[in-house]
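One structure is given here, and the rest of the page talks about it.
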Amino acid sequence: MSEILICGVDEAGRGPLAGPVVAAAVILDPARPIDGLADSKKLSEKRREALNEQICRHALAWSLGRAEVAEIDAINILQASLLAMQRAVAGLTVVPEHALVDGNRLPRLLCSARAIVGGDACEPCISAASIIAKVARDREMVALDAEFPGYGLARHKGYPTKGHLAALRALGISGIHRRSFAPVRRLMAH
């Protein structure tokens, strides 16, 4: 009997004040295991980059999905994260029979699914999704740093650091800032 095709699903970028939320779906190849898969937040940038390359090369299928800043502001970050996950799974070239999703909420999917809190630390397919979502989003934030200089996006990836908040006060709100997030909304009120 063949194994059922399971995809791991995770997102990166729920907490930042700027940029999209990016999700990934990954179906690992049981015949080509990847050593060192772990929660992307616990890996160095260099290790994530190396694993990202292996995942993209050895997985049976992988896909990225995203929700843009306008969608985040329109439907809220939770719904936008679920939408990005739904898009990632829909983009897979191999149709999964089951999905393991990091967190406590499930996106609407065409296959059966299970939410696992902390799944990125214990399920290799979710770890793989966590890694490629984070690498893709981090690379995008580095690119956006060149487009929106002065905010330090390459450094903090859009998270609400002291430096980012100071830059927002000094430079104002850019087109990639999430207006529905409290620190940005407060600045708009002044």
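Being of a type outside the set (S, T, N, Q) and either outside any helix (DSSP H, G or I) or under 21 Å from the mean Cα position of the chain (by Cα) (or both) is the filter here, so list the residues in region 165-181 that pass it.
Correct list: Gly172, Ile173, Gly175, Ile176, His177, Arg178, Arg179, Phe181.
Leu64: surrounded by fewer than 24 Cβ atoms within 10 Å (Cβ to Cβ), closer than 24 Å to Ser180 by Cβ, at pLDDT 95 or above and of a type outside the set (Val, Ile, Thr), yes or no?
Judged against the criteria, Leu64 is a match.
From the list Ala31, Ala80, Ala24, Ala70, which one is surrounded by fewer than 17 Cβ atoms within 10 Å (Cβ to Cβ), of a type in the set (Gly, Ala, Ser) and not in a loop (DSSP other than H, G, I, E, B)?
When all the criteria are applied, what remains is Ala70.
I'd like to know if region 141-164 contains one or more residues that are farther than 30 Å from Val89 by Cβ, assigned to a loop (DSSP other than H, G, I, E, B) and of a type in the set (Gly, Ala, Ser).
yes
Looking at (1) under 20 Å from Thr161 (Cβ atoms); (2) at pLDDT below 95, which one does Asp39 not meet, given that it meets all the others?
(1)
Just to be sure, is Val89 β-branched (Val, Ile, Thr), surrounded by 23 or more Cβ atoms within 10 Å (Cβ to Cβ) and either under 23 Å from Glu49 (Cα atoms) or within 14 Å of the chain's Cα centre (by Cα) (or both)?
Considered against the rule, which asks whether it is β-branched (Val, Ile, Thr), surrounded by 23 or more Cβ atoms within 10 Å (Cβ to Cβ) and either under 23 Å from Glu49 (Cα atoms) or within 14 Å of the chain's Cα centre (by Cα) (or both), Val89 comes out as yes.
The values are calculated or read from the model by the stated rules, or taken from the named source; none is laboratory data. Nothing here was measured: the structure is a model prediction, and the numbers come from that model. Methodologically, a virtual Cβ is constructed for each residue, glycine included, from the backbone with ideal geometry; neighbour enumeration extends over all protein chains shown.
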